[in-house]
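A.B. asks: Following this message is one structure expressed as structure tokens.
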Amino acid sequence: MNPSSTNTALKFKDYKSETKPIWCPGCGDFSVLNAITKALAQLQLPLQDVALISGIGCSSRIAAYTSVYGFHGVHGRALPLAAGLKAARSDMTVLVAGGDGDGLSIGGNHFIHACRRNMDLTYIMMDNEVYGMTKGQASPTTAHDWENSKLTPDGTGVRSFKPAALALASGASFIARGFSGDPNDLARILVAGIEHKGFSFIQALSVCPTYRPEHAEWKKHVRKFETEATGDPMVAIQQIVADDGMSTGIMYQRDLPSLERGGTSPLAGLAEFESEFEL
Ligand SMILES: Cc1ncc(C[n+]2csc(CCOP(=O)(O)OP(=O)(O)O)c2C)c(N)n1
Ligand code: SF4
């Protein structure tokens, strides 16, 4: 039975599918899944009005584990898929999820342009600073001196991205960071991100005990930003650059023009547009 067809309030479990996650024991992605389903339950969004689009990676499996509409896409291409859906169905709540490799390596170009277009999408980057699915290669958020990878035994020697700074410079209008070790706070951030009209970028620090066991230390270092949600990009960039990447909260939120603001689907005039090309 579809719970949304009854008068009963939806519980977070109603947003989970019957497919059992195959993530490793202790993987932070379990908590991100919990946070997403809690956020959807808080917002009481009908299952049929939500879609979760993902790329490829351990984290991207998340689309199969929710009961909303889902699409487990192609590596790095979750954002353009989601943008297409949102363009056609501006009435739907469209969530996008994937890993740091998915979103910043192969999908890096899509990420910066999604920020720039500011479509009303909520993008959850499950950042474990590694390629989990392909057995532990360094990613764009891996520290330059991480020596445990067989492929980069002396470290990458390359500076890592600060995803929040990249999102700000690219035009995202909501930028936040949460932690798999605090799913309730991550759910709070997700609710704010989903309610925000525009592109919401949420970096979810998600532990990978298999390839980054040292991330067990994260829980000692993660703390909340003392101040939250400035709308001033100059203040936000100073906060982001000064931070070590372990502070959580909403870093930036601003009302900026959005492609589908006003609720008119870009496809509304499609028939007329096509008729101009008729032979
Ligand atoms: C076009 C293409 N290139 C490479 C791959 C191999 N591949 C699968 S997942 C992945 C990286 C996964 O890392 P990340 O996105 O950080 O997700 P995680 O597994 O850590 O959650 C790669 C390189 C692929 N599936 N498709
Ligand atoms: S390899 Fe890492 S990211 Fe992938 S399921 Fe296992 S713990 Fe999670």
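A.B. asks: Would you confirm, using the coordinates I've provided, whether Gly103 is modelled with pLDDT of 95 or more, outside any helix (DSSP H, G or I) and within 26 Å of Arg254 (Cα to Cα)? I'd like the intermediate steps shown before the answer.
C.D. replies: Numbers: modelled with pLDDT of 95 or more: yes; outside any helix (DSSP H, G or I): no; within 26 Å of Arg254 (Cα to Cα): yes.
The answer is no for Gly103.
A.B. asks: In the range 94-111, is there at least one residue being surrounded by fewer than 17 Cβ atoms within 10 Å (Cβ to Cβ) and at positive phi?
C.D. replies: No, the range 94-111 contains no residue that is surrounded by fewer than 17 Cβ atoms within 10 Å (Cβ to Cβ) and at positive phi.
A.B. asks: Could we say that Ser67 is away from ligand 2 (no atom under 16 Å from the Cβ), out of contact with any His (no Cβ under 7 Å at 6 or more places or on another chain) and closer than 17 Å to Ser200 by Cα here? Before you say what the answer is, go through the steps one by one.
C.D. replies: Details: away from ligand 2 (no atom under 16 Å from the Cβ): yes; out of contact with any His (no Cβ under 7 Å at 6 or more places or on another chain): yes; closer than 17 Å to Ser200 by Cα: no.
So Ser67 fails the test.
A.B. asks: Also, quick follow-up: Say whether the condition of being without any contact (Cβ under 8 Å) to a residue 24 or more places away in the chain and within 10 Å of ligand 1 (Cβ to nearest atom) is met by at least one residue in the range 90-108.
C.D. replies: First pass over the range 90-108, keeping only residues without any contact (Cβ under 8 Å) to a residue 24 or more places away in the chain: none.
No: the range 90-108 contains no residue that is without any contact (Cβ under 8 Å) to a residue 24 or more places away in the chain and within 10 Å of ligand 1 (Cβ to nearest atom).
A.B. asks: OK, next. Examine the range 118-126 for a residue that is crowded, with 18+ Cβ neighbours inside 10 Å, within 16 Å of ligand 2 (Cβ to nearest atom) and modelled with pLDDT under 95, and state whether such a residue exists. Break it down into steps so the answer makes sense when it comes.
C.D. replies: To start, the set of residues in the range 118-126 that are crowded, with 18+ Cβ neighbours inside 10 Å comprises 118-126.
Keeping just the survivors that are within 16 Å of ligand 2 (Cβ to nearest atom) gives 124-126.
Now narrow it down to the ones that are modelled with pLDDT under 95: none.
Checking the range 118-126: not a single residue is crowded, with 18+ Cβ neighbours inside 10 Å, within 16 Å of ligand 2 (Cβ to nearest atom) and modelled with pLDDT under 95.
A.B. asks: Step by step: first the residues of the range 204-223, then only those that are touching a strand residue (DSSP E or B) at 6+ places or on another chain (Cβ under 7 Å) and within 16 Å of ligand 1 (Cβ to nearest atom), then the one that is farthest from Asn34 (Cα to Cα). Which residue is that? Show your work before the answer.
C.D. replies: Taking the range 204-223 first, the residues touching a strand residue (DSSP E or B) at 6+ places or on another chain (Cβ under 7 Å) are 204-206, 218, 222-223.
Applying the additional criterion that residues be within 16 Å of ligand 1 (Cβ to nearest atom) yields 204-206, 218.
Working: Ala204: 12, Leu205: 14, Ser206: 12, Trp218: 19 Å.
Ranking the candidates gives Trp218 first.
A.B. asks: Which residue out of Phe30, Phe71 is of a type in the set (Phe, Trp, Tyr), farther than 29 Å from Trp218 by Cβ and within 16 Å of ligand 1 (Cβ to nearest atom)?
C.D. replies: Values: Phe30 fails: farther than 29 Å from Trp218 by Cβ.
Answer to the check: Phe71.
A.B. asks: Still on this structure, please answer the following. What are the pairs, 6+ residues apart or on separate chains, where a residue within the range 141-153 that is at pLDDT 95 or above has its Cβ under 6 Å from a residue that is of a type in the set (A, V, I, L, M)?
C.D. replies: His144/Val158
A.B. asks: Does the range 244-260 contain at least one residue that is open to solvent by 50 Å² or more (accessible area, probe 1.4 Å), among the acidic types (Asp, Glu), more than 21 Å from the chain's Cα centre (by Cα) and at pLDDT below 95?
C.D. replies: No, the range 244-260 contains no residue that is open to solvent by 50 Å² or more (accessible area, probe 1.4 Å), among the acidic types (Asp, Glu), more than 21 Å from the chain's Cα centre (by Cα) and at pLDDT below 95.
The values are calculated or read from the model by the stated rules, or taken from the named source; none is laboratory data. Note that the structure is predicted; figures quoted are calculated from it, not measured. Please note: Cβ atoms are built from the backbone with ideal geometry, for glycine as well, and neighbour counts cover all protein chains shown. The protein model used for the area step is the full one, side chains on, heavy atoms only, and it has no ligands, DNA or RNA in it. Shrake-Rupley method; radii C 1.70, N 1.55, O 1.52, S 1.80 Å.
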